[in-house]
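K.L.:
I am attaching a structure below and will ask some questions about it afterwards.
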There are 2 protein chains.
Amino acid sequence: MKKSMGARTLVYPTPVFVICTYDDEGNPNAMTAAWGGICCSSPPCVAVSLRKATYTYSSLLAKKAFTLNVPSENYIKEADYFGLVSGKKENKFAHTGLTPVKSDLVDAPYIKEFPVNLECKIINVLEIGLHTQFIGEVLDAKIDDTLQEKGDHPLIEQIKPLIFAPESRGYHVVGKQIAQAFAIGNDT
Amino acid sequence: MKKSMGARTLVYPTPVFVICTYDDEGNPNAMTAAWGGICCSSPPCVAVSLRKATYTYSSLLAKKAFTLNVPSENYIKEADYFGLVSGKKENKFAHTGLTPVKSDLVDAPYIKEFPVNLECKIINVLEIGLHTQFIGEVLDAKIDDTLQEKGDHPLIEQIKPLIFAPESRGYHVVGKQIAQAFAIGNDT
């Protein structure tokens, strides 16, 4: 039997992304966002949603650019901190000691210590309600060169990204691989 | 050091959603999508992207509705199959034996056997490129009443959702909880 839970975003899993921008004075800022994901393969695009009340919001509108940074589980404290505090009040890079690197492609910094960084040019802004959705075209994806690759991509087991469980607000790690996509379904 | 990987959606993790619709003849159909996520808390909205070439695409435009269904790892074969085959050619519900339940709220079916089902009314369609993004407002979220709840939400440990790793195309399970969000960041 099904139980109605009301109009809520009970979606599992959600990611943990850190969105970086420069503010009006050119200071780097970072905020955590779990509302987002890939939205197009060609051109390669990602979508992230955030509230107008955030300091990052006006930076996104002004710079038309951001980076999407995937924290590894080693940086769980920093990733959570970026979502706890406003860049209006604190210099989050100075507080955490993480390193902002100026992108050559877009007017935004990325986080050197995080294993995956996407440099994105904003191509669409949609006011939905409490959240505004920003779609960024990925101009380049950068990874740590210490990550082992298989074919032409890094291994999720080495990236060690975080998962956010809405409502319970728990951070989880990625568990073991149990099957190969576009393959196991042939057994049905 | 960073290594440039080119303009690609190297995003970790991505979810595994099964999107259900009715076609022109009222037949239920299901397809798998990993490009998507939550995009607004109020109104509660989810975004999913799919290619125009899919059978689901025209159903979404015609019905202005879909359900987003979260498969548990027990249904990994069915979830993968829904992404392998077109509803133009096969009745995927008949093939898998899964049960389509007509939503009372939107003109779309949901999957009885999956633990979480969101009934969504489409409020925005954006042609991006290869993929089109559909934003659905969640009118109701339903869960299996066998799921234990904590407070007013189900536990991700019981839902057992899947994670998709882009590029390697592996399905992973959700691993253990390692911290509480909006808390551990206070330790930085």
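The values are calculated or read from the model by the stated rules, or taken from the named source; none is laboratory data. Because the structure is predicted, anything quoted here is derived from the model rather than measured. In this analysis, Cβ positions are derived from the backbone assuming ideal geometry, glycine residues included, and neighbour counts consider all displayed protein chains.
K.L.:
Spot the failing condition for residue B:118; the list is (1) at pLDDT below 95; (2) within 18 Å of the chain's Cα centre (by Cα), and only one is missed.
P.N.:
(1)
K.L.:
Just to verify a result, which residue in the stretch B:67-97, among those that are touching a residue at least 40 places away in the same chain (Cβ under 8 Å) and among the hydrophobic types (A, V, I, L, M, F, W, C), is farthest from the other protein chains (Cβ to nearest Cβ)?
P.N.:
Among residues in the stretch B:67-97 that are touching a residue at least 40 places away in the same chain (Cβ under 8 Å) and among the hydrophobic types (A, V, I, L, M, F, W, C), the one farthest from the other protein chains (Cβ to nearest Cβ) is B:93.
K.L.:
Considering each residue of the stretch A:98-119, count those that are free of Cβ contacts under 8 Å to residues at least 40 places away in the same chain, in contact with a helix residue (DSSP H, G or I) (Cβ under 8 Å, 6 or more places away or on another chain) and of a type in the set (Val, Ile, Thr), and give that number.
P.N.:
Qualifying residue count for the region: 1.
K.L.:
When you scan the stretch B:122-132, do you find a residue that is over 14 Å from the mean Cα position of the chain (by Cα), more than 23 Å from residue A:41 (Cα to Cα) and at the interface with chain A (Cβ under 7 Å from one of its Cβ atoms), even just one?
P.N.:
Our first condition is that a residue be over 14 Å from the mean Cα position of the chain (by Cα); within the stretch B:122-132, this holds for B:122-132.
Okay, now just the ones that are also more than 23 Å from residue A:41 (Cα to Cα), so none.
Checked the stretch B:122-132: no residue is over 14 Å from the mean Cα position of the chain (by Cα), more than 23 Å from residue A:41 (Cα to Cα) and at the interface with chain A (Cβ under 7 Å from one of its Cβ atoms).
K.L.:
Could you please find all residues in the stretch A:1-34 being under 14 Å from the mean Cα position of the chain (by Cα), facing another protein chain (nearest Cβ under 7 Å) and of a type in the set (A, V, I, L, M, F, W, C)? Break it down stepwise before answering.
P.N.:
If we filter the stretch A:1-34 for residues that are under 14 Å from the mean Cα position of the chain (by Cα), which is where we start, we get A:13-21, A:29-34.
From what's left, facing another protein chain (nearest Cβ under 7 Å): A:13-15.
Matches in the stretch A:1-34: none.
K.L.:
Ok, one more. Out of the stretch A:150-175, which residues are out of contact with any Phe, Trp or Tyr (no Cβ under 8 Å at 6 or more places or on another chain), part of a loop (DSSP other than H, G, I, E, B) and either within 7 Å of another protein chain (Cβ to nearest Cβ) or without any contact (Cβ under 8 Å) to a residue 40 or more places away in the chain (or both)?
P.N.:
A:151, A:152, A:155, A:167, A:168, listed by residue number.
K.L.:
Tally the residues that are assigned to a loop (DSSP other than H, G, I, E, B), polar (S, T, N, Q) and crowded, with 19+ Cβ neighbours inside 10 Å, restricting the search to the stretch A:108-149. I'd like the intermediate steps shown before the answer.
P.N.:
Start the filter on the stretch A:108-149 by keeping residues that are assigned to a loop (DSSP other than H, G, I, E, B), which leaves A:108, A:112-115, A:128-130, A:145-148.
Next, only the ones that are polar (S, T, N, Q) stay: A:146, A:148.
Then keep just the ones that are crowded, with 19+ Cβ neighbours inside 10 Å; that gives none.
Residues in the stretch A:108-149 being assigned to a loop (DSSP other than H, G, I, E, B), polar (S, T, N, Q) and crowded, with 19+ Cβ neighbours inside 10 Å: 0 in total.
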